[in-house]
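To start, the structure under review is shown below, and the notes come after it.
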Amino acid sequence: MTKLEELLQTIRDELGADLVGSDIVGLDGFSVAGLSTDPGLNREAVSARFALAMKLALTVSEKLNLGELEDNLVTADNYITLCRSLGDGSYFWILTVKKDTTLGMVRLTMNDYAPRLWEAIPR
């Protein structure tokens, strides 16, 4: 298991049953590491589609002079998905949790692990 996979597993253990999926994705839409607790979740499709969403969010933030993008939040009937840029912005982290998860705790977890994930990405 790589350091990146170990970190994702630690995050899974920390979030427990609330975690649905987590991937580290390049702007090309390909996941370099990830996991899911939902066997029906198509991680490749999630990675590719959220790459488009992150590119759009980055463009909107830049064009409207909103400042540096912290994260992109998608809330649906059953899940919350947060996407956050890592390091120099060439990769991002997708974290999907159940809808009733405390959003503040998810953001704190992401704040804690984002620098470590960035350092663990093989480049």
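If only residues of the stretch 1-30 that are in a loop (DSSP other than H, G, I, E, B) and open to solvent by 60 Å² or more (accessible area, probe 1.4 Å) are counted, the one that is farthest from Cys83 (Cα to Cα) is Met1. Is it the case that Leu15 is of a type outside the set (D, E, K, R) and either in contact with a Leu (Cβ under 6 Å, 6 or more places away or on another chain) or at pLDDT below 95 (or both)? So Leu15 does not fit the description; no. Filtered by the rule that a residue be surrounded by fewer than 12 Cβ atoms within 10 Å (Cβ to Cβ) and aliphatic (A, V, I, L, M), the stretch 72-88 gives a lone residue, Ala76. Scan the stretch 51-71 for residues that are closer than 22 Å to Glu119 by Cβ and open to solvent by less than 50 Å² (accessible area, probe 1.4 Å) and report the count. Result for the stretch 51-71: 4.
The values are calculated or read from the model by the stated rules, or taken from the named source; none is laboratory data. This is a predicted model, so every value here is computed, not measured. Using ideal geometry, Cβ is built from the backbone for each residue, glycine included, and neighbour counts are taken over all protein chains shown. Heads up: the accessible areas ignore ligands, DNA and RNA and are worked out on the full protein's heavy atoms, side chains in. Shrake-Rupley method; radii C 1.70, N 1.55, O 1.52, S 1.80 Å.
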